[in-house]
């Protein structure tokens with residue numbers, strides 16, 4: 001029978017034709033099964049909708065990605081964690097799955113609501129990596145589908161009390177002519193007062209006194225003192241992790257502002273890191289410390305006590321590696337005396 005379908009090989013062995021045709025038939029059947037399996041997977045599980053809550057997202061805000069899924073009633077679904085290898089600025093927690101009970105469901109179908117709590121620490125448009133949804137049926141067969149990459153946008157935090165830009169002011173008018181007379185009178189009064197002061201100073205000459213040097217506290221001294229104060233409050237033992245990490249972050253920002261003359265208290269963590277020079281500060285250590293503090297402050301992350309003590313060690317290491325000693329008034333005078341000798 002195979003010779004009839006292969007007339008272009010009249011001198012070939014019929015058994016060879018039969019073997020080749022059998023293999024081709026098996027390949028065709030396998031391809032059809034694979035294609036039908038993919039279609040069956042899409043029919044067995046379907047994503048009805050997705051939504052981000054809230055709609056207006058700012059940096060560090062808690063976000064919820066909500067998926068509504070329709071599956072066959074005899075299936076059990078499993079959710080793999082989201083791959084964050086290329087999205088380290090996005091923090092994703094374990095998804096929450098809830099079955100939705102309704103009388104209007106199609107026959108043999110079940111609806112689930114999947115919620116992914118997450119936060120983003122970078123401004124701009126972002127795309128969540130595709131998520132894998134696995135399932136098994138009562139016969140032990142399994143399969144999976146992938147969601148698309150869902151897009152969302154993170155906006156900068158608007159300062160409290162910010163208003164719209166005002167219009168351009170008109171040209172400044174010249175002061176009245178009598179301003180010169182007032183200025184002249186003021187200069188005359190200043191001149192008379194200076195003459196009287198110099199006259200009285202000649203009559204009563206004060207004793208020569210050396211100005212006392214007022215010791216100026218250095219930024220690292222203040223930082224050490226504040227960190228010791230935080231440690232003495234015993235917040236870690238009391239479980240007050242949020243205020244403990246908030247105070248450590250605030251002390252480090254005050255120290256960096258005084259040490260490097262930058263408005264560290266007004267900048268986000270990323271903006272602060274961009275302003276620091278790698279040769280002046282261990283940026284990886286600073287980023288690690290601030291990121292861990294931000295997780296506790298904004299993401300409600302509950303660290304262990306050893307992790308909390310590590311934040312204090314990181315803060316002290318930052319001060320140790322960046323502190324700079326200032327020369328006080330008394331030290332300058334001692335250096336001048338030594339040079340004269």
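Quick note: the coordinates plus some simple rules give every number you see, no bench work behind them. Here the structure is a predicted model, which means the values were calculated and not measured. Note that we place each Cβ from the backbone using ideal geometry, even for glycine, and neighbour counts take in every protein chain shown.
Summarising the label geometry, the points placed 7 Å from Cα in the beta-carbon direction at residue 280 and residue 243 lie 3.4 nm from one another. Highest-first packing order for the peptide set 141-149, 268-276 is 268-276, 141-149, based on the mean count of other beta carbon atoms within 10 Å. Using the average count of surrounding beta-carbon atoms within 10 Å as a protection proxy, the listed peptides 282-289, 260-267 rank, highest first, as 282-289, 260-267. Ignoring solvent entirely, what values of log10 I(q)/I(0) come out of the Debye formula for the stretch 219-322 at 0.20, 0.24 Å⁻¹ when each Cα is a single scatterer? Treating every Cα as an identical point scatterer, log10 I(q)/I(0) equals -1.01, -1.42. Each part gets one Cα centre, and for the stretch 299-315 versus the stretch 115-143 those centres are 29 Å apart. Using equal-weight Cα scatterers in the Debye expression, the normalised intensity of the stretch 44-154 in log10 at q = 0.11, 0.12, 0.17, 0.18 Å⁻¹ is -0.38, -0.45, -0.83, -0.90.
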